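The values are calculated or read from the model by the stated rules, or taken from the named source; none is laboratory data. Small disclaimer: the values here were computed from a predicted structure and weren't measured. Here the Cβ is made from the backbone with ideal geometry for all residues, glycine too, and neighbour counts use every protein chain on show.
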Amino acid sequence: MPLHHAVLALLNRRPNHGYELKARFEEAIGPQWGGLNIGHLYQILERLVRDSYVSRSQVTQTDRPDKNLYTLTEAGEAELREWATTAWVRTGGFRDELFLKLLGAVALGPQALTALIESQRQTYLSELAGLAQQRRAHADEPLVAVLIDAAIAHTKADLGLLDSAAQHLGPLATANGAQARTQGDADVAGGHESMRGSRTESA
């Protein structure tokens, strides 16, 4: 539950209400994660209250509706400490649409594979340029800078993957292309034989 634990981390500093938590999360994480949906955040808070990791109290306001204030409990702090001090283990594998695109391009032959790789390469290079600008803009925000550095490293690794894909998948794509041409020639030949057979029967 990474978002649940991130909310616990924010509440470890001080109690907050929902919209303050949303703003603090987006400020702390920066542009790499994207915005936090307020409806989803309130669902998270409800679950944390249910699990006794967070307590909820109501604050009366004279000029606007009352608001809920969320406070980290001792159980919540213990949960946060256990989560934040143990290693992260990948459990979902690498499910990137690029691998499915490579599957499709290899099936179509070498020209399709080359077109995909070159198009993807330009996309990654554009991403790196944008990330470099973000890195300069957030140089004074350590956590955001670390996340941008991670995105830069990941994108550079993806660029290397394209070279690997061209090397390892190129022969397979060539073979698939040759097979498709052979099948196409066979289909054309079969069509001609069928036409000749029809003319013979007509005669």
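Examine segment 45-65 for a residue that is under 22 Å from Ile148 (Cα atoms), of a type in the set (D, E, K, R) and in a loop (DSSP other than H, G, I, E, B), and state whether such a residue exists.
Checking segment 45-65: not a single residue is under 22 Å from Ile148 (Cα atoms), of a type in the set (D, E, K, R) and in a loop (DSSP other than H, G, I, E, B).
Among the residues of segment 142-157, which ones are surrounded by fewer than 17 Cβ atoms within 10 Å (Cβ to Cβ) and of a type in the set (A, V, I, L, M, F, W, C)?
Leu143, Val146, Ala150, Ile152, Ala153, Ala157
Can you give me the number of residues within segment 134-143 that are in contact with a helix residue (DSSP H, G or I) (Cβ under 7 Å, 6 or more places away or on another chain) and in a helix (DSSP H, G or I)?
Count: 3.
How do the pairs read when you match residues in segment 59-74 that are closer than 23 Å to Arg47 by Cα with residues anywhere that are surrounded by fewer than 13 Cβ atoms within 10 Å (Cβ to Cβ) and acidic (Asp, Glu), using Cβ under 8 Å and keeping only pairs 6 or more apart or on different chains?
Val59/Asp66
Name every residue in segment 83-100 that is of a type outside the set (Phe, Trp, Tyr) and outside any loop (DSSP other than H, G, I, E, B), in order of residue number.
Result: Ala84, Glu97, Leu98, Leu100.
Quick one: would you say Trp83 is touching a His at 6+ places or on another chain (Cβ under 6 Å) and under 28 Å from Pro2 (Cβ atoms)?
Criteria met by Trp83.
Being surrounded by 13 or more Cβ atoms within 10 Å (Cβ to Cβ), within 26 Å of Val144 (Cβ to Cβ), β-branched (Val, Ile, Thr) and at pLDDT below 90: is that true of Ile29 here?
yes
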